[in-house]
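Take a look at the structure below.
Taken together, the values in this text are just the output of simple stated rules run on the coordinates, not laboratory data. The shown structure was predicted, so the numbers you read here are calculated from the model rather than taken from an experiment. Cβ coordinates were reconstructed from backbone atoms using ideal geometry, including for glycine residues, and neighbour counts include every protein chain displayed.
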Amino acid sequence: MRVLLVWPNRAGFGFKPIGLALLSAILKSHGHEVRLFDTTYVELGSGGLSTARNRIRIFKPVDVSAMGLEKQPLNLHQETMSVLQDFRPEVVGVSALSDEVSVGLKISEIVKEWNPQTPVIWGNKAATMAPEKVLAQPSVDFVCLGEGFEFITRFVEVLAAGNDPSVLHNLAWQDGAGAFHRNPLRPYYGDLDNLPFLDWSIFDHRHFCKPFDGQLYVGGDHMICWGCPYSCTYCINYSYRALYKGAGGSYLRRYSVKRIIEELRYLVDNWNISLFKYHDEDFCLKPLEYFRTLAREYHKHVGVPFTAMANARNISPEKVELLKEMNCVSVSIGIETANEHLRQDILKRKETKEDIIRAVQMLNDAGIRTSGFNMIGIPHETRGTILETIALNRDTTVDCSDTGFFYPLEGTELYELSVREGLFNPAADKDYDDVNPSLHLPDISHEELIALRERFVLYVKLPLEYLPYVTRSESDDEVGRNLTDALFRIYDSAVLMNDGRWDSTRSVKDDLRTLAGVAGETMVP
C-alpha cells in the first residue's frame with residue numbers, strides 16, 4: 001500500500017524524528033511505499049522554536065542563508081493537495097506532538113476533502129494521551145495508542161485485505177454511534193536489535209543541516225537506550241508508563257553494543273554525519289559495564305562527536321571519562337528550577353542543587369560543554385523563585401543557560417493541577433509556541449515572565465555590577481529598550497562569542513559608563 005506519513009512540524013530544522021524514520025523503515029521492509037509530508041518549511045505563523053530561542057541569545061549565530069532553510073509563505077491547503085494528488089495515498093498516518101495537533105488536524109481535514117474514504121490514523125504521545133479528544137474530530141478515523149512498531153504493518157495489511165482493523169491491539173476508534181473504544185496494548189517492543197536501521201531517505205536534505213556552537217554540521221539523530229525511570233510531574237513519560245501497566249515488557253530497553261555500532265557506522269558512511277544528537281532521556285543511566293563497552297567500541301568504530309542529555313545524579317567521574325572517550329562535546333542537564341519546593345514537591349525532581357553544581361563542574365573540568373535546561377512559569381512560580389534559578393545557574397558556571405516556558409501536557413499530573421487551580425484553560429486550545437507563558441499565575445504577570453526569560457542569560461552571565469541595569473531594562477519604555485540593546489551587545493561580544501564564559505579582559509568600567517549614559521543616570525563606576 002501507499003502510506004503517507006505526516007509530520008506537522010511547527011518548529012525549526014535540523015532534527016529527524018526517530019519514530020517516523022523507524023515506521024518508514026518497517027513499512028518499506030514489508031513492501032509498502034512510503035512518503036513523508038513535512039511542514040517544516042511552510043510558514044504556519046509560529047516563526048519556529050529556533051527563531052524564538054535565537055532572540056534570547058542561546059545559540060551562536062551561524063550563516064545558513066545559502067541553505068534555503070527559511071520558512072516559505074506557502075498555502076498549506078495547496079501544498080497538502082499537491083502531495084495527495086501526486087502520491088495518491090491509500091492510508092495517511094499523522095504523528096503529532098502537543099504543539100503540532102492543530103496543524104495535523106488541518107491536514108487531516110484536507111485529506112478527507114480530497115478523498116473521504118482514505119483512512120486517517122494518528123499516533124505519537126499527544127494522540128496516545130488524549131485519544132477521545134483526537135477522535136472527536138471527523139477527519140480522524142483511528143488512533144494508535146503507544147508504540148506502533150508492531151502495530152503499523154498489521155494495521156496496513158488488514159486495510160489492504162479490506163478487513164476491519166477494530167480488533168487490533170493498540171487501536172482506539174469511534175463506532176458509527178459515536179461511542180469511543182480502546183483496545184488493550186501489546187507489550188513494549190522487546191528486542192531493539194530486531195528493528196531495521198533508521199530510514200532517513202524520507203526527509204528533506206535540509207534536515208541534515210545542524211548548527212551547533214557557531215558551526216554547521218551534518219546532523220544525525222538516534223536513541224541508544226529507550227525509556228525513562230523518573231516520575232517528573234510535567235513529563236509524559238510517567239503517564240506513558242502508567243498506560244502500559246499490565247501490558248508486559250520493559251519500558252527501559254537498549255540496543256546491544258554490537259548492533260548500535262553497526263547502525264551508527266552505516267548512517268555515518270551513507271549520510272556523511274559529522275555530529276550526532278542522542279535522544280536518550282538520560283545518557284548516563286546506562287549500566288557501567290555496558291557504558292564501558294559502548295565507549296570503547298564507539299571510539300574505535302564511530303568516533304563522531306555528539307551531544308546528549310543526562311540527569312545530574314547519574315554523572316560520575318568515570319562516566320565523564322567515558323563521555324570524553326566517546327567524543328561527547330556537550331551535555332544538557334535539567335536544572336528546571338532552583339526552588340526546593342517547586343523542584344521536589346511540584347516537579348517531583350530528586351536531584352539537589354549540590355548534585356547539579358557537582359555534575360556541571362565535572363563536565364566543565366573535562367572540557368565538555370554544558371547546557372542547563374531551565375523552565376519558568378510553572379505552577380506556584382514567583383519572581384523570587386526565578387531569581388533563585390538564575391542564582392543556581394550562576395553558581396554552576398554552566399556554559400549555556402537554555403530557558404523555556406512551562407506548558408501543561410495533557411495526561412500529566414501538572415496538567416491536572418494547572419486546570420484544577422484555574423491556571424490553565426484547556427478550552428482555549430492554546431498551542432505551545434515557546435514565546436508566551438501558558439499559565440495565568442497569580443503572583444507574576446505574563447509581561448514580567450517574558451521580560452525575565454528574555455534577559456535570563458544576562459542575569460546569569462554578566463558580572464554583578466551590571467545587574468541593576470538588567471533589571472531596569474525590563475521596563476517597556478525607551479530607556480528599557482535602549483538598555484536591552486546595549487546589554488546584549490556587551491553579552492554577544494563578551495560571553496556568546498567567548499564560549500559562554502565572561503571575557504575577563506573586558507573593561508567593566510567602560511561598560512558601566514556606557515550603560516549609565518544610556519540609562520540617563522550619573523554613576524561612578
Problem - DSSP beta bridge pairing in the stretch 149-290, given as percent antiparallel to the nearest 5 - result: 70
Completion exercise
Per-residue Cβ contact counts at 10 Å, fewest first, order Val143, Val320 as Val320, Val143
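Within the set of other residues whose C-beta is less than 11 Å from the C-beta of Thr352, count the net charge using Lys and Arg as +1 and Asp and Glu as -1.
Working: positive: Arg313, Arg343, Arg349, Lys350, Lys353, Arg358; negative: Glu340, Glu351, Glu354, Asp355.
So the surrounding residues net to +2.
How would you classify the stretch 120-163 from its alpha-carbon gyration tensor, with a ≥ b ≥ c the square roots of the eigenvalues: rounded for a/c under 1.5, else prolate if a/b is greater than b/c, otherwise oblate?
Numbers: a/c = 3.52, a/b = 1.41, b/c = 2.50.
Oblate, because a/c is 1.5 or more while a/b does not exceed b/c.
Starting from 0.36 nm per residue, how many nanometres of slack lie between Ala161 and Asp345 once their C-alpha separation is accounted for? Don't skip to the answer; put the middle values down first.
Details: separation 184, 0.36 × 184 = 66.24 nm, distance 5.21 nm.
So the chain would gain 61.0 nm between Ala161 and Asp345.
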Fill in the blank from the handout: Non-local residues with an amide H under 5 Å from the amide H of Glu336, with H modelled 1.01 Å from N and Pro and chain starts lacking one, are Phe373, Asn374, Met375
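From the cross-link list Lys60/Lys348; Lys16/Lys461; Lys16/Lys60; Lys286/Lys324, which pairs have alpha carbons spaced over 27 Å apart? Intermediate results must be reported in sequence, preceding the final value.
Numbers: Lys60/Lys348 33 Å; Lys16/Lys461 32 Å; Lys16/Lys60 22 Å; Lys286/Lys324 15 Å.
Check vs 27 Å cut-off fails for Lys60/Lys348; Lys16/Lys461.
Determine the dipole magnitude for the stretch 332-416: charges of +1 sit on the beta-carbon of Lys and Arg, -1 on that of Asp and Glu, nothing else is charged, the reference point is the Cα centre, and the result goes in debye to the nearest 20.
On the way: 9 positive and 15 negative charges, 39 e Å.
Here the size comes out at about 180 debye.
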Practice task
For the stretch 421-483 and the stretch 279-339, write down the distance between their C-alpha centroids in whole Å.
Solution key: 33
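Compute the Cα gyration tensor for the stretch 462-525, then decide on rounded, prolate or oblate, letting a ≥ b ≥ c be the square roots of its eigenvalues: rounded whenever a/c is under 1.5, prolate when a/b is larger than b/c in the other cases, and oblate in all that remain.
The shape class here is oblate.
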Practice task
For Phe276, list long-range residues whose amide hydrogen, built 1.01 Å from N in the peptide plane, is under 5 Å from its own amide hydrogen.
Solution key: Gly220, Phe306, Thr307
Exercise for the section: Place a +1 charge on the Cβ of each Lys and Arg in the chain and a -1 charge on the Cβ of each Asp and Glu, then give the dipole magnitude about the Cα centre in debye, rounded to the nearest 20. Expected result: 1060
Fill in the blank from the handout: Extension length gain for Asp477 and His299 (0.36 nm per residue less Cα distance), in nm, is 58.7 nm
Handout entry: Distance between modelled label sites at Met497 and Tyr251, nm, 7 Å Cα→Cβ extension
Key = 4.7
Problem - Label selected from (i) 0.97; (ii) 1.05; (iii) 1.09, the criterion being Rg/Rh (Cα atoms, Kirkwood Rh) as computed here - result: (i)
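Please report, in debye to the nearest 20, how large the charge dipole of the stretch 223-461 is about its Cα centre when each Lys and Arg carries +1 at its beta carbon and each Asp and Glu carries -1 there. Working shown, then result.
Numbers: 29 positive and 35 negative charges, 194 e Å.
Value, rounded to 20: 940 debye.
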Problem - For the chain, Cys with no neighbouring Cys Cβ under 4.7 Å - result: Cys144, Cys209, Cys225, Cys228, Cys284, Cys328, Cys400
